[in-house]
Each structure stands twice: as C-alpha cells, then as structure tokens.
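Contents: one structure, followed by commentary.
Derivation of every value follows stated rules applied to the coordinates shown; laboratory data play no part. Given the structure is predicted, the values throughout are model-derived calculations rather than measurements. FYI the Cβ positions are ideal-geometry reconstructions off the backbone, even for glycines, and counts take in every protein chain you see.
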Amino acid sequence: SAVISQKPSRDICQRGTSLTIQCQVDSQVTMMFWYRQQPGQSLTLIATANQGSEATYESGFVIDKFPISRPNLTFSTLTVSNMSPEDSSIYLCSVEGMEGSYNEQFFGPGTRLTVL
Amino acid sequence: QKEVEQNSGPLSVPEGAIASLNCTYSDRGSQSFFWYRQYSGKSPELIMSIYSNGDKEDGRFTAQLNKASQYVSLLIRDSQPSDSATYLCAVGGSQGNLIFGKGTKLSVKP
C-alpha cells in the first residue's frame, strides 16, 4: 500500500484562526478522502478530493469551513477555517488502494487538532 | 441515511480465546466490507476486506459476510494482548467512500 504522510502531526490553535493540513502520498492516486474523528467517536467523511475537479462535500460540511485543494495526484490540503473548540478533532486523509482493491482505503497518521 | 452498527463494548476475552466482533449495515445494496484496527492514538489500519458471502481467512483473522442478513463479523483466533484495540467495521459507499461504525473496543487479558 501507499506511504501517506500528514503535516502537522498535531497543533494547538486559537479560536478564530485557520489551519491547513497537508497530505502527501508516495504514489499517484485518483481519489483522496478527508475524515474527521472527534474524541471517542468513529470516523466521519468530510469530503472526497479528486484531482482536477472540485471536492465533493458530505452533508454537514461546507467548502467555506473546510476548503480543500488537490493540485496533483500525490498531494492534497484541508483547511479548517475560523476554528472553534468544536473543531478539536483528529483529521485523517486516506487514499484508495491499488487498482482492483475495490473501495479499500489506507489512512495517513492523522493530525490531532486542539482549539482553545 | 446509511448506517453501520457495532457493539461499542468493551469486549474482554482471555489470551488464547476467540474474539468475535459483529457489525450490521442498513444499505442492502452494499458490495464491499472492511475491518480496520485502531490502536489508541493511532490511525485505522486495514486488516480485512470481504466482498462475497461466506468466510475469508487471513492468518488468525476470519471475516464472515452474510448479505441476506446484512451482517459482517470478524473472528480473531488465539487472541493476544497485542490485539487489544478498537475494531472499526466499514461499508463501501457508491462514491468510493466508506461508512464507519462506531467501533468495538477489544481487551485481551493475559
């Protein structure tokens, strides 16, 4: 499977500021996904980011709050804008598996965000 | 709203026993099913994928799928303390996304 890295691994931010999280993959992938995992909870999909098209957001998530870029097949960013304490969460990017591995996804190490 | 349901646990088993983890899903049209293991403070790690009815074995892990009953399970044989983790059941959506259950916390006691 692909090697996925995320930056930063963790951050503590002030209310009202924004943080951009980077996701880098060591091979080209068509589909990248951004998830949120709130404390003690499971994973919730924020959006799907395909290269060359606008990200597709899930219900409850909007582009103004979580803008996403996907400039090429190995990189994506997620920005958490105008943060509040409710945004404290782990943010995870994932990528699809190899061709033929239908719907398999592999996750990066995550970014642990604390908003004060 | 597509849903994936799991018992939150904790499920406690003695070392060497079989741990049985269960999952049900609401979308009868689902075609792909996954089990992820998540250690505390770490990201989810894919341990099993299953697409057809029946059993799929990989080492000490066996995934079982019954589409008629909309039921997926994971058996861990000869459980080890290192298996202690939260196990997440995920179901593939039509857009390539995954829908996750809330996870079952497994504790294997030495």
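Given +1 on the Cβ of Lys and Arg, -1 on the Cβ of Asp and Glu, and no further charges, what dipole in debye does the protein assembly as shown carry about its Cα centre, rounded to the nearest 20?
Numbers: 18 positive and 20 negative charges, 86 e Å.
Roughly 420 debye for the protein assembly as shown.
Counted over all Cα-Cα pairs of segment B:17-110, pairs farther apart than 17 Å make up 46 percent. Cβ distances below 4.7 Å define possible disulfide partners, and in chain A the cysteines left without one are A:13. Ellipsoid semi-axes for chain A, based on the Cα gyration tensor and the rule √(5λ), read 23, 14, 13 Å when sorted largest first. For segment B:1-107, lysine pairs with C-alpha atoms less than 16 angstrom apart, excluding pairs fewer than eight positions apart on the same chain, total 5. Excluding the site residues themselves, the longest part of chain B lacking any GluC sites (Glu not before Pro) in a DSSP loop with at most 15 other Cβ atoms within 10 Å is B:16-110. For segment A:57-99, the alpha carbon positions stretch 38, 19, 18 Å along the principal axes, listed from largest to smallest.
Which value, in debye to the nearest 20, gives the size of the charge dipole of chain A about its Cα centre, when Lys and Arg are +1 and Asp and Glu are -1 at the Cβ?
Here chain A has a charge dipole of around 380 debye.
Taking every alpha-carbon pair under 8 Å whose residues sit at least 6 apart, chain A reaches a relative contact order of 36 percent.
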